[in-house]
Amino acid sequence: MITFDAAKDILKKYGQEHILAYYDELNENERAELLSQIEMTDFSVLENLSEEKNALSKRGKFEPLGAVTIEDIAENREKYYSAGSEAIKEGKVAAVLLAGGQGTRLGFDKPKGMFNIGVSKELYIFECLMNNLMKIVKSTGSYVPLYIMTSEKNHHDTVNFFEEKNYFGYDSSYIKFFIQDMAPSVDFNGKIYMESKSDISISPNGNGGWFSSIVRAGLLNDIKKKGIEWINVFAVDNVLQQIADPCFIGAVINSGSQSGSKVVSKVSPEERVGVLCLEDGKPSIVEYYEMTEEMRTLVTENGQLAYKYGVILNYLFRVDRLEDIIAEKMPVHVVEKKIPYMDNNGGFVIPEKNNGYKFETLVLDMVHLQESCLPYEVERSKEFAPVKNAEGVDSVESARKLLIQNGIEL
Ligand code: UTP
């Protein structure tokens, strides 16, 4: 472990010496704990605080990108389904559930997947997802290996919950968990928050590190041994999420694309959703806040929005491409969040408003590292019911309505 002096030098370099302010008051174990946290923390993410201001100007030239539309898919359904289900049956497809987030907007103190969205009966978010995946097992006759990403903060709760619920009927030998990396959280002046006198405030470092975390957890061997060629990555919080969808997989395979993304048509130019497009000729996602008014409202000859297809965090990647790009540096996003912290009197504060920044890499940035990405349009009312907030837009209430619309008993 590093010495006190070495820790001090690192902190000095990043203007974070306050982290050692209580060192003299700590006992042996607490001192060791703090020094080890300093050693393990990637302070270089702090450099993005100034770089972020220029991030936009670093983007390339955007152009719209069309999609395989719902109509195209209806016409080719059988062809796509058979190619996709064959890949599943041959064991070439796995799924990765991104469940390392903290779900702060929902304000639920357990992993988001443990949220009970049921009304007159129990129906957990994890359960909705496992039920959806089970449909594929039934229709193809094959289990899809599922890798679940957690974070240090929610790993035990998540694993215990799956065990307690008997994996919602899934064959547990096909499920593996892995833990993502963490990054420090700072106040608006760039000073790292403390959670206690001996604990730095750290949080999951975004969903972009999922593949490197899989590799670090030693699971790439498992993936290769099983002969998995495609990975379907999806978010925990869309309760209508269709996982390992054979038609989607088949369409991507048949198209010869290196990757694919499920997309929905935007409801309005102002909808706050990232749009799949081209950036310097390569697939890319432009965030809603990065789009100019002109891009948002641009229409094609047939009167449709040019930047029309919003992403819903359901991607298909090729394993060999992921291995090729693993060393590529992903952009670090600086995101405003509510960060619990220790105040100057040693009291623990849970803020009601955003009080600082977290540093995250995002899976959507992996799309730009692909040579090609097939946008695959799905019906929003059938496949997109995000649970982000406790109330209002993308909330428990709106997701419940959509579940009921889709015939799911609550
Ligand atoms: P969100 O961007 O909605 O973040 O995650 P969040 O942390 O869950 O929620 P808020 O913003 O605090 O309310 C989108 C998906 O990415 C996963 C989440 O679990 C969700 O499936 N995620 C996010 C991770 O796996 N790790 C992270 O570090 C962040």
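In region 173-193, which residue that is more than 11 Å from the ligand (Cβ to nearest atom) and not in a strand (DSSP E or B) is farthest from Val332 (Cα to Cα)?
Ser173
Please verify whether Lys79 is basic (Lys, Arg) and under 21 Å from Val311 (Cα atoms), treating the condition exactly as stated.
When the stated conditions are applied, Lys79 does not pass them.
Do any residues in region 380-406 that are over 20 Å from Gly310 (Cβ atoms) and at pLDDT below 95 have Cβ atoms under 7 Å from those of residues that are assigned to a loop (DSSP other than H, G, I, E, B) and within 15 Å of the ligand (Cβ to nearest atom), where the two are at least six apart or on different chains, and which pairs are they?
Close Cβ pairs satisfying both conditions: Ala390/Leu106; Ala390/Gly107.
Return the total of residues in region 346-396 being within 16 Å of the ligand (Cβ to nearest atom) and not hydroxyl-bearing (Ser, Thr, Tyr).
29
Among all residue pairs at least 6 apart or on different chains, which show Cβ distances below 9 Å where the first residue, located in region 159-183, is among the charged types (D, E, K, R) and modelled with pLDDT under 95 and the second is surrounded by fewer than 16 Cβ atoms within 10 Å (Cβ to Cβ) and part of a helix (DSSP H, G or I)?
Asp181/Arg216
Only one residue in Ile223, Ile249 is assigned to a helix (DSSP H, G or I), crowded, with 23+ Cβ neighbours inside 10 Å and not charged (D, E, K, R), so which one is that?
Checking each option against the conditions leaves just Ile249.
Quick test for you: out of Ser196, Ser201, pick the one residue that is within 26 Å of Gly103 (Cβ to Cβ), within 16 Å of the ligand (Cβ to nearest atom) and among the hydroxyl-bearing types (Ser, Thr, Tyr).
Just a single option satisfies the conditions, and that option is Ser201.
State all residues of region 384-394 that are touching a Lys or Arg at 6+ places or on another chain (Cβ under 9 Å), surrounded by fewer than 20 Cβ atoms within 10 Å (Cβ to Cβ) and of a type outside the set (A, V, I, L, M); if no residue qualifies, say none.
Lys388, Asn389, Asp394
Which residues, counting only those in region 67-105, are part of a loop (DSSP other than H, G, I, E, B), surrounded by 14 or more Cβ atoms within 10 Å (Cβ to Cβ) and away from the ligand (no atom under 16 Å from the Cβ)?
Those that are part of a loop (DSSP other than H, G, I, E, B), surrounded by 14 or more Cβ atoms within 10 Å (Cβ to Cβ) and away from the ligand (no atom under 16 Å from the Cβ): Ala67, Thr69, Gly91, Lys92.
The values are calculated or read from the model by the stated rules, or taken from the named source; none is laboratory data. Owing to the predicted nature of the structure, the values given are computational and were not obtained by experimental measurement. FYI the Cβ positions are ideal-geometry reconstructions off the backbone, even for glycines, and counts take in every protein chain you see.
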